[in-house]
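Have a look at the structure below before the remarks.
The values are calculated or read from the model by the stated rules, or taken from the named source; none is laboratory data. Values in this document were obtained by computation on a predicted structure and should not be read as measured data. Note: ideal-geometry Cβ built from the backbone for every residue, glycine included; neighbour counts use all protein chains shown.
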Amino acid sequence: MKDMGIVPTKVILSQSDKYRMLAEEEVKKVLKAPSTATFLYNGCSDPFEDGKSLLVDGYVDSENSFGAKIRDKYQVMFEKNYNSWEATLIHIGNTYYNPKTGFSIDYPN
């Protein structure tokens, strides 16, 4: 095969991109129709003073159980567990989810 001079490129993600991707995966786990989700990333906090927790937030557009596309604000709290970050709280719209227990609770506006 002829060498086309194409060199594979290594993609290097920033820490913020890694946290965003982790948060999106966590949010998809609790959506009614995760395959319809599109995300608008808002930001990521620097690790809090303890160095062991941080918050990622943004907006997610996805279909609800009636098939209507809706936009909700999301926040995912992460805590450092040795060398990895683990989601400890997911907040979408008016609902809070605990990813460890599967428990959720709705709070009205």
State the number of residues belonging to region 29-41 that are assigned to a strand (DSSP E or B) and within 17 Å of residue 88 (Cα to Cα). 0
Those residues that are assigned to a loop (DSSP other than H, G, I, E, B) and either in contact with a strand residue (DSSP E or B) (Cβ under 8 Å, 6 or more places away or on another chain) or not small (Gly, Ala, Ser) (or both), I need them from region 82-109; list them, please. 82, 83, 93, 94, 98, 99, 100, 101, 103, 107, 108, 109
Leading residue by the ranking (surrounded by the most Cβ atoms within 10 Å (Cβ to Cβ)) among those in region 50-77 that are in contact with a helix residue (DSSP H, G or I) (Cβ under 7 Å, 6 or more places away or on another chain) and closer than 16 Å to residue 15 by Cβ: 76
Report, ordered by the first and then the second residue, all pairs with beta carbons closer than 9 Å, sequence separation of six or more or different chains, a first member in region 42-63 that is over 15 Å from residue 27 (Cα atoms) and assigned to a loop (DSSP other than H, G, I, E, B), and a second member that is modelled with pLDDT under 90 and polar (S, T, N, Q). 52/81
Restricting to region 41-73, give me the number of residues that are within 15 Å of residue 23 (Cα to Cα) and basic (Lys, Arg). 1
